[in-house]
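I have placed the structure first, in the form of structure tokens, so that the comments after it can refer back to it.
The values are calculated or read from the model by the stated rules, or taken from the named source; none is laboratory data. Being a predicted model, the structure only gives us computed values, none of them experimental. Using ideal geometry, Cβ is built from the backbone for each residue, glycine included, and neighbour counts are taken over all protein chains shown.
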Amino acid sequence: MRRHLTAVWNRSPRVAAKAGRLIAWLLPLAAALGPAAVGTGNEPATAELQPRNIVRKQLPKHVKSIALEYSIVLLDENGKEISVDPVDKTFKVGDSFLVKIRPQDDMYVYVFTEGPKGDRACLIPARNEKPFFVTKDTDIKIPDDGGYFTFNPPAGEEKLLVVAVSEPTDDVRILARTVFKEKSGALKTEAEKAANAAQGDAAARGLRDRATLNSRGPSKALVDRAKSAPPVARHTNVEPPGDGEQTSFALAVAGPEAGNPELILDIPLRSQATR
């Protein structure tokens, strides 16, 4: 996805000059999510999330959790921002969009991409940067410069993978292997070439052994399931936007013997050629 997304997000000479490098697009913003994210724009930015996030209070005390809300905002032909559910949406080449994220806990955030031809990259953090730490209720917008991403040819299946964890990892290479569920490294970086492949594969297998179940639906169902789940269980759920809602709510839980929860969002970005 690296080559394709570099082209997709190439909107300025500054970006063009950095093509072929791993680029960090993610920065915290002080502004609220705004009208496109919360509906009318008159209510607080957290108004929509509160009744969805409050369900976490029903979790047993021994179950750890981590959560965030996110939305894909499409710029329509009239220049209006419209939040869409990427699972049900097929974009057209030429469409422009941005991503909005609001963490519900302090967390470290990593962003990976995969393009139509399988090329991949780590966008966050950029090479040689420290893990990206975001505090609770800090609004995040991608890209961070007030612009939009645009789908360029070729059309096809793409992914944006957002990883949120409570403890950072200094080896993004190993994290990438877990995210893409592969034995060998998915990222072709100088750091990876210089690393010990055998050691990396062993660590990746250890992470994969902590298998995480994934579901899509009401968050309450996940909370109810966690009450009787084994102590080593992990589960991630994405609650899609309901009537009148603009964001998806992602919640990951981990039992007392499962370690810290790890939230991995696999956000599809499908596009088709215009006729």
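Looking only at residues in the range 58-80 that are of a type in the set (D, E, K, R) and under 20 Å from the mean Cα position of the chain (by Cα), the one that is farthest from PHE151 (Cα to Cα) is LYS64. Checking LYS130, LYS89, LYS117, LYS159 one by one, the residue that is of a type in the set (Lys, Arg), over 15 Å from the mean Cα position of the chain (by Cα) and under 23 Å from ARG216 (Cα atoms) is LYS89 and no other. Checked across the range 148-170, the condition of being under 30 Å from THR274 (Cβ atoms), among the charged types (D, E, K, R) and in a loop (DSSP other than H, G, I, E, B) holds for no residue.
Among the residues making up the range 109-147, those that are among the small types (Gly, Ala, Ser) and touching a Lys or Arg at 6+ places or on another chain (Cβ under 6 Å) are ALA121, GLY147. Each residue in the range 114-133 was checked for being surrounded by 22 or more Cβ atoms within 10 Å (Cβ to Cβ), assigned to a strand (DSSP E or B) and not charged (D, E, K, R), and 4 pass.
For the range 79-113, a tally of residues being polar (S, T, N, Q) and free of Cβ contacts under 8 Å to residues at least 60 places away in the same chain returns 2. Within the range 66-78, residues that are closer than 19 Å to ASP266 by Cβ sit with their Cβ atoms under 7 Å from residues that are of a type in the set (Lys, Arg) and not in a strand (DSSP E or B), at 6+ positions apart or across chains, in these pairs: ALA67/ARG56. Please verify whether ILE66 is at pLDDT 60 or above and surrounded by 18 or more Cβ atoms within 10 Å (Cβ to Cβ), treating the condition exactly as stated. When the stated conditions are applied, ILE66 passes them. Against the conditions (1) more than 20 Å from VAL73 (Cα to Cα); (2) modelled with pLDDT of 75 or more, ARG127 satisfies every one except (2). Annotation note: of ASP224, ASP243, the sole residue that is among the charged types (D, E, K, R) and modelled with pLDDT of 90 or more is ASP224. Here LEU251 meets each of (1) in a strand (DSSP E or B); (2) surrounded by 21 or more Cβ atoms within 10 Å (Cβ to Cβ); (3) at pLDDT below 95 with one exception, condition (3).
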